[in-house]
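Colleague: Take this structure first; my questions come after.
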Amino acid sequence: MLLAVLSGFILAACAPWLTRLLGDRAGWVLALLPAALFVYFLSWIPLTAGGAAEVVHYSWIPGLDINLSFLVDGLSLLFALLISGIGTFIIIYSGGYLHGHEYLPRFYGIMFAFMAAMLGVVLSNNIISLFVFWELTSITSYLLIGFNHEDKQARWCALQGLFVTVAGGLALLAGLIMLAGAGGSFELSELLNSGDVLRDYPLYTGMLILILFGTFTKSAQVPFHFWLPNAMAAPTPVSAYLHSATMVKAGIYLMARLNPGLGGTDQWLYTLGLFGAVTMFTGSFMALRSTDVKAMLAYSTIMALGTLTMLIGIGTEAAIIAALAFLLAHALYKAALFMLAGGLDHETGTKNILNMGGLRRLMPVSFITACVAALSLAGLPPLFGFIAKELMFEATLHAPAIATVTTVLAVISAIMIMAVAALFALRPYTGKLKETPKQPHEAPPSMLAGPVVLAALSLVFGVAGFLPVQGILHSAVAAVHGSPLEFKLYLWHGVNTPLLLSLLAVVTGLLVFAGWDRVLAVYRRLTFIDRFGPERGYERVMAALVWVAEWQTRVLQNGYMRNYLITILLTAVALAGGTFFIYTGNTVPFGTVDITFYEAVIAALIIAGAIVVSLMQSRLGAVATVGMVGFGVALIYVLFSAPDLAITQIMVETLTVILLVLVLYRLPRFLNLSSTAARIRDALVALLFGGMMTVLILAVLDVEVVAPISDQLVAWSYDEGHGRNIVNVILVDFRALDTLGEIFVVGLAAIGVYAMIRLRAEDKRS
Amino acid sequence: MSIDNLSLLLPEIALLTLACATLMVDIFSNDPKHGPGYWLAQLTLLVTAVLVLVTYTGDSQYAMAGMFVSDAMSGLLKFAICIISLFALFYSREYLLRHDIIKGEYFVLGLFAVLGMLVMVSANNLLTVYLGLELLSLSLYAMVAIHRDSSSASEAAIKYFVLGAIASGMLLYGISILYGVTGSLELGAVAQVLEGQSDYPTLAIFGLVFVLIGVAFKLGAVPFHMWLPDVYQGAPTAVTLFIGSAPKLAAFAMAIRLLVDGLGPLLPDWQQMLMILAVLSMATGNLIAIAQTNIKRMLAYSTIAHIGFLLLGLVAGNAGGYAGAMFYVITYALMSMGGFAMIILLGRKGAEADQLDDFSGLAERSPWLAFLMLILMFSMAGIPPFLGFWAKWFVLREVIQAGFVWIALLAVAFAIVGAFYYLRVVKLMYFDEPREPDEPQCSTPLRTVLSVNGLSLLLLGLSPGLLMSLCMAAFSP
């Protein structure tokens, strides 16, 4: 199993090389891997029959709850089969579609990595490894979408698409961590059995929102649907793969997967049900508006994704059966349709459906395949799509609480999709032959193999509904529902409400198709909708972020050091002052302070010095006054009998003044650059900070003084230093290392001076 | 006062001695490329790293009358600091040679900065912390100003120096209050006194506030971050690279030593303050980075955001959280170094490649370099399977398990905003037209080392278990 998932990555690494080696046959040969995987996954079917689940465990980061464990049951197997099966045809197809393209080798590499990541998503049992694969699909799909990077459109949408999915991914991560915290495990197989615990989790709603944010962005639900059609700039095999079986379905997969654990609540029903229904409607509405064949299909995909989300949200037995049947049906016909659309684009050189016509004689196989696949899309018998649509109506009619809304939206969507299907199948192929940029002829076999087989499967599954049910749907439904359900799929259900609704949709849909040119004209008048679309919202948000950033740079980070200082000082005041206020209230624990006459005089001197220096207009004067403050401090040391400190202070102060004077001598004339207002502001900040310091110092005075270190030195000097002269002992014993260090420092400084002299000499020479 | 366990200081002693030797050798060598000094400096770091490994026991041992501690955390961090600095000096030399501003002092200053970092990491005394910090800071100030003729570098240096001095002053003030309250400078003793007393907290909290300001400044947390963008942009890229990598590990160690080892009993207080700083940092860093067109400045803001994330680990307030933060800071240092190294690589004499536009179409000019940068950017954005993802995961997990769900959600929200500007770089490289068609010129060693740097993020990301368990071990009792 591990090899099955990782083989794609391994092949991805050597695919570029193999492609060069194999030349034209590369597509067919490379397709052997997904084909082999498909067979391998088929062999698992008996093991999952009746809803059984198998966990395959490999440890990755033991001890940290992260394992490469895989969960194989009906649901994951259904997806794995779709990914590998459709993947096989896509690889063959790309060989023909991108024939001779210079980046084809790289394309195969990314494609295989993408496929492997998708398999990882649907098979992972550990939610962290699931997330890792999930994000890998984002990265690789980004590279795939941007593959055609000469296209201007591709550049713009690549960033958009990736940002939306990565943002969703990070939200999903938070949600998954919460999920693990709530359920006490990182393994899906255990989490899904503790559904009651999860639903009772106090932060259930928040967790759900985060997870759904992730799945909605991935599966292009309204209001995140805008990135998907933009991803259309990708080469067609990519679109087919992304939109039929894979990336966009990853979100659907996760929602279906989590249904037994998280589903069944009101939040789940309303969020999924309503967002899904609105997405379904939006997708079909936009699909009917498009004239680009790929965009048309992309929007119809959004419709399908909405339908699936809605069905999972409804969550009744009928809805789950419908969801999985619809998923399978959609994967089959949508992959076929995308590959056919790619064929049209490839052969005619245009994607605009208005510019195509009468191709049925030139491309007969494509035409017939398109008709079959489109019938399934439209939901007409005897195709599998019909069964799926009937089931969907059945489910919406009996949905709890939101039956009316969902049914109405479902019928309207079905009408529009009927028209879209008819447009796609008939418009390019019937009527008069139109002039196209390229001379069209039938697509090569590599590009037809996929559509033909997939369309045929749609037909076979429709006629013989028991095949998919017994094969995989039965166990998949069991996995999503949490327990096995008995059901059968037939084309003919007798005359009932779903059939009547279908009939209504078909008839109205065909009417819309007949009058499409008029419908398009109406749509053209509705362009103002674009101004309120989520895409605009995305642009607005981005613009706002940039504006905020620029504002901050202008106001706070403006390069003036004095502003930085003000920020630091004020924050210090706020933090310390806030603490002070919280802890002491209004009572200030001031100690009693006795101030002697000398102290008062010195303090006055220092204060006077500080005031004068800030008013001083000449640099020399300022330096001298700063010196006054320094010497004042030295005097305080003297008063408190610390002559060594006082001496040091005096030396440093003298040296500083001399150095300053020397430097200032070379500087240009003093200019007063700050305005009066700025100076008043600065004075206030200084007073505030100084005031806070004063209060603090007064508060410190109240604290009991710790025994001075001198007592300890006295105690040590005889016992440990064996000397009666304490000063001597301190210097030669206690501070012996200090003295050594000082000697060392002086030596080092000498070397430094020598280096500087040398530098100077070098400078002069050069 | 006896000198016991001096062998614990072996790495520091060796480093100091060899650094002095480097100074001597460089003065008396006439190599215009300062080869001997450079190689001796690299040898010094290598020797120090080996000695760190040799002296590593995993237990807490004290030396110099309790001023110095060697434990599991110090072992791992010191080793990481030496190795990262080794890379940093390598990149620096390439840069200095390319821009013709190579000076021997650079390597000596670098070594002294590393010494300062090691002292900070092993400090078990308030004064030792301060000593290490000052040694590091003074070396860094000088390194920023190493290119004397550049006015932007000089401006950056003076800003860094003045603001740094203020922050150091505040830290020192906090230390003296703590000493006044507890009567001890030793971290363990400070914690013990605070644990037992109920009268002191008010004043101790003032001490905490000032200590915290010092720590926040060093880390570059908002609102003490102002120096960071200016210094990162103004300094020569080699110096920016140096400042942005190993010193962050030391700053992290300083935070752990001061806040956890020394002020552990005040956890509820600093937890709240750090929470504010963390959220502010993530918000400011990520939002402002979007508007930058200079990539050095963008990375500076991204640093601020990363620091916010790292602080979250401390906010969690337990061993797991600290381990997560440590994992994060090591990851960050690797990523940041790679990012700046890429800027160095793309630059030419007299023209730094520090604009975002310089990355346009890199995929066409050199697919391999673009791929490396893609790894770096994805890793910074926190996208699996790269190392940056595990760092975010680790921290988020601990924060959520500690019960701060809302703050984890904020972190995720800002990480999403942050993803935007990282992805923009990737977009520029892969989708835009190159401004110049030719492949960037660089030496084979530079290319190789950068490849190792970049791929390490991928490989460590595929098997993060070892580093994670080392980080966990550093804080397990």
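The values are calculated or read from the model by the stated rules, or taken from the named source; none is laboratory data. If you're wondering where the values come from, they're calculated on a predicted model, not measured in any experiment. Cβ placement follows ideal geometry from the backbone for every residue including glycine, while neighbour counts extend to all protein chains displayed.
Colleague: How many of the residues making up the range B:143-163 are within 11 Å of chain A (Cβ to nearest Cβ) and under 20 Å from the mean Cα position of the chain (by Cα)?
Modeller: Residues meeting the conditions: 5.
Every residue, every condition in (1) surrounded by fewer than 24 Cβ atoms within 10 Å (Cβ to Cβ); (2) more than 18 Å from residue A:500 (Cα to Cα), yes or no:
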position	(1), (2)
A:385	no, no
A:400	yes, yes
A:415	yes, no
A:419	no, no
A:428	no, yes
A:455	no, yes
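Colleague: Does residue B:273 satisfy the condition of being within 9 Å of chain A (Cβ to nearest Cβ) and either surrounded by 23 or more Cβ atoms within 10 Å (Cβ to Cβ) or among the β-branched types (Val, Ile, Thr) (or both)?
Modeller: Here the answer is no, as residue B:273 does not meet what is asked.
Colleague: Restricting attention to the range B:32-52, does a residue exist that is touching a helix residue (DSSP H, G or I) at 6+ places or on another chain (Cβ under 7 Å), within 14 Å of chain A (Cβ to nearest Cβ), of a type outside the set (Asp, Glu) and free of Cβ contacts under 8 Å to residues at least 12 places away in the same chain?
Modeller: So far as the range B:32-52 goes, no, none of its residues is touching a helix residue (DSSP H, G or I) at 6+ places or on another chain (Cβ under 7 Å), within 14 Å of chain A (Cβ to nearest Cβ), of a type outside the set (Asp, Glu) and free of Cβ contacts under 8 Å to residues at least 12 places away in the same chain.
Here is a yes/no grid of residues against (1) under 30 Å from residue A:346 (Cβ atoms); (2) among the small types (Gly, Ala, Ser); (3) modelled with pLDDT under 85:
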{"position": "A:396", "(1), (2), (3)": "no, no, no"}
{"position": "A:405", "(1), (2), (3)": "no, no, no"}
{"position": "A:420", "(1), (2), (3)": "yes, no, no"}
{"position": "A:439", "(1), (2), (3)": "yes, no, yes"}
{"position": "A:453", "(1), (2), (3)": "yes, no, no"}
{"position": "A:458", "(1), (2), (3)": "yes, yes, no"}
{"position": "A:463", "(1), (2), (3)": "no, no, yes"}
{"position": "A:472", "(1), (2), (3)": "no, no, yes"}
{"position": "A:482", "(1), (2), (3)": "no, yes, yes"}
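Colleague: Additional query: Going through the range B:430-472 one residue at a time, which ones are within 11 Å of chain A (Cβ to nearest Cβ) and over 21 Å from residue B:334 (Cα atoms)?
Modeller: Within the range B:430-472, B:430, B:431, B:432, B:433 meet the criteria.
Colleague: Of all residues being crowded, with 21+ Cβ neighbours inside 10 Å and of a type in the set (A, V, I, L, M) in the range B:176-202, which is nearest to residue B:247 (Cα to Cα)? Just the residue, please.
Modeller: So, considering only residues that are crowded, with 21+ Cβ neighbours inside 10 Å and of a type in the set (A, V, I, L, M), the one nearest to residue B:247 (Cα to Cα) is B:187.
Colleague: Please indicate, with yes or no, whether at least one residue in the range A:185-199 is farther than 26 Å from residue B:431 by Cα, at pLDDT 75 or above and within 14 Å of another protein chain (Cβ to nearest Cβ).
Modeller: Checked against the condition, which is being farther than 26 Å from residue B:431 by Cα, at pLDDT 75 or above and within 14 Å of another protein chain (Cβ to nearest Cβ), the range A:185-199 yields at least one hit.
Colleague: Here is a check on your reading of the model: is residue A:276 in a helix (DSSP H, G or I), modelled with pLDDT under 90 and either surrounded by 22 or more Cβ atoms within 10 Å (Cβ to Cβ) or assigned by TED's automatic domain parsing to the domain that holds residue A:356 (or both)?
Modeller: The answer is no for residue A:276.
Colleague: Moving to a separate point now. Which ones in the range A:551-576 are part of a helix (DSSP H, G or I), modelled with pLDDT under 80 and either at the interface with another protein chain (Cβ under 8 Å from one of its Cβ atoms) or over 34 Å from the mean Cα position of the chain (by Cα) (or both)?
Modeller: A:552, A:553
Colleague: Quick check on the range A:17-30. Is at least one of its residues outside the structural domain of residue A:470 (by TED's automatic domain parsing), under 28 Å from the mean Cα position of the chain (by Cα) and polar (S, T, N, Q)?
Modeller: So far as the range A:17-30 goes, no, none of its residues is outside the structural domain of residue A:470 (by TED's automatic domain parsing), under 28 Å from the mean Cα position of the chain (by Cα) and polar (S, T, N, Q).
Colleague: Condition first: within 22 Å of residue B:318 (Cβ to Cβ) and more than 10 Å from chain A (Cβ to nearest Cβ). Now tell me which residues in the range B:379-397 satisfy that.
Modeller: B:391, B:395
Colleague: Right, another one. From the residues in the range A:577-614 that are crowded, with 17+ Cβ neighbours inside 10 Å and either facing chain B (nearest Cβ under 10 Å) or outside any helix (DSSP H, G or I) (or both), which one is modelled with the highest pLDDT?
Modeller: A:577
Colleague: Residues being crowded, with 20+ Cβ neighbours inside 10 Å and assigned to a helix (DSSP H, G or I): count how many of those fall in the range B:142-158.
Modeller: Result for the range B:142-158: 5.
Colleague: Is it the case that the range B:344-362 has a residue that's in contact (Cβ under 8 Å) with a residue 40 or more places away in the chain, at the interface with chain A (Cβ under 9 Å from one of its Cβ atoms) and farther than 22 Å from residue B:444 by Cα?
Modeller: No: the range B:344-362 contains no residue that is in contact (Cβ under 8 Å) with a residue 40 or more places away in the chain, at the interface with chain A (Cβ under 9 Å from one of its Cβ atoms) and farther than 22 Å from residue B:444 by Cα.
Colleague: Looking only at the range A:50-105, how many residues end up being within 17 Å of residue A:134 (Cα to Cα) and acidic (Asp, Glu)?
Modeller: Adding up the residues that qualify gives 0.
Colleague: Further, regarding this structure: Considering (1) among the charged types (D, E, K, R); (2) away from chain A (no Cβ under 14 Å); (3) over 21 Å from residue B:469 (Cβ atoms), say which one residue B:59 fails and leave the rest.
Modeller: Residue B:59 satisfies all of (1) among the charged types (D, E, K, R); (2) away from chain A (no Cβ under 14 Å); (3) over 21 Å from residue B:469 (Cβ atoms) except (3).
Colleague: Sticking with this one: For the range B:180-207, name all the residues that are within 8 Å of another protein chain (Cβ to nearest Cβ), in a helix (DSSP H, G or I) and not polar (S, T, N, Q).
Modeller: B:180, B:181, B:201, B:203, B:205, B:206
Colleague: Right, something else. For residue A:329, work out the one condition from (1) at pLDDT below 85; (2) small (Gly, Ala, Ser); (3) buried (at least 24 other Cβ atoms within 10 Å of the Cβ) it doesn't fulfil.
Modeller: The number of the failed condition is (1).
Colleague: Identify, by number, the condition in (1) of a type outside the set (Phe, Trp, Tyr); (2) in a helix (DSSP H, G or I); (3) closer than 29 Å to residue B:92 by Cβ that residue B:353 doesn't meet.
Modeller: Condition not satisfied by residue B:353: (2).
Colleague: On to the next question. Being in contact with a Gly (Cβ under 7 Å, 6 or more places away or on another chain) and more than 27 Å from residue B:51 (Cα to Cα) is the filter here, so list the residues in the range B:17-34 that pass it.
Modeller: Correct list: B:29 only.
Colleague: Also, quick follow-up: Take the range A:358-381 and flag every residue that is in contact with a Leu (Cβ under 9 Å, 6 or more places away or on another chain) and surrounded by 19 or more Cβ atoms within 10 Å (Cβ to Cβ).
Modeller: Once the filter is applied, which keeps residues that are in contact with a Leu (Cβ under 9 Å, 6 or more places away or on another chain) and surrounded by 19 or more Cβ atoms within 10 Å (Cβ to Cβ), the range A:358-381 yields A:359, A:363, A:366, A:367, A:369, A:370, A:372, A:373, A:374, A:375, A:376, A:377.
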